[in-house]
């Protein structure tokens, strides 16, 4: 299982964590329970028990276990708190990684099966092809991944020129100049987000595609790639 599949999956995302942190509100709990089985719940009720069950589900997936025995492990861990299994599954769906992250998909399916007593939903050929396509995209060099995305969404290709012009613009005066790189990165992120939201391509609308596009455009702007170590000349400056 790749780092990409597990990178965003171990803990609930910021929305899920924030809503769970507001756990003193009975209204919030009620709203969360109303959306418990929605495909992408907007409100989730996150508890210490649901967080632990979520962790166990991902550990089972990481160990290659997605069968009926794995659901028994989860059901026993939940005990009489079967609703916590559904809450754990809802936090995964609320972060939307289930749509493009194989580990998230499998963990969510395990939790739902454990909660309902039904068999684990098998991965269809279409779903497997989709997850394989996303895996290949993130494993490509950023410029090749970007070219694949631009073929799907020509508007992305136009961002290269816009980003280069932005990076070549006049240096801001005063304290703002110290934040120039950060401002360019933020502008790139906003531009990619705007194109992604408007695109008719399911691939371009994914988190993975936005990351690939941002990484490539950051390099085109002459900035340091996000995961690269600092360059020697930067350290000497």
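Points to keep in mind about this one:
- Subset of the range 76-85 [crowded, with 16+ Cβ neighbours inside 10 Å and without any contact (Cβ under 8 Å) to a residue 40 or more places away in the chain]: 77, 78, 84, 85
- Which listed residue is at pLDDT 90 or above, touching a helix residue (DSSP H, G or I) at 6+ places or on another chain (Cβ under 9 Å) and not assigned by TED's automatic domain parsing to the domain that holds residue 216, from 149, 102: 102
The values are calculated or read from the model by the stated rules, or taken from the named source; none is laboratory data. No experiment lies behind these values; they were computed from the predicted model shown. For neighbour counting, all protein chains shown are included, and Cβ atoms are generated from backbone atoms with ideal geometry for every residue, glycine included.
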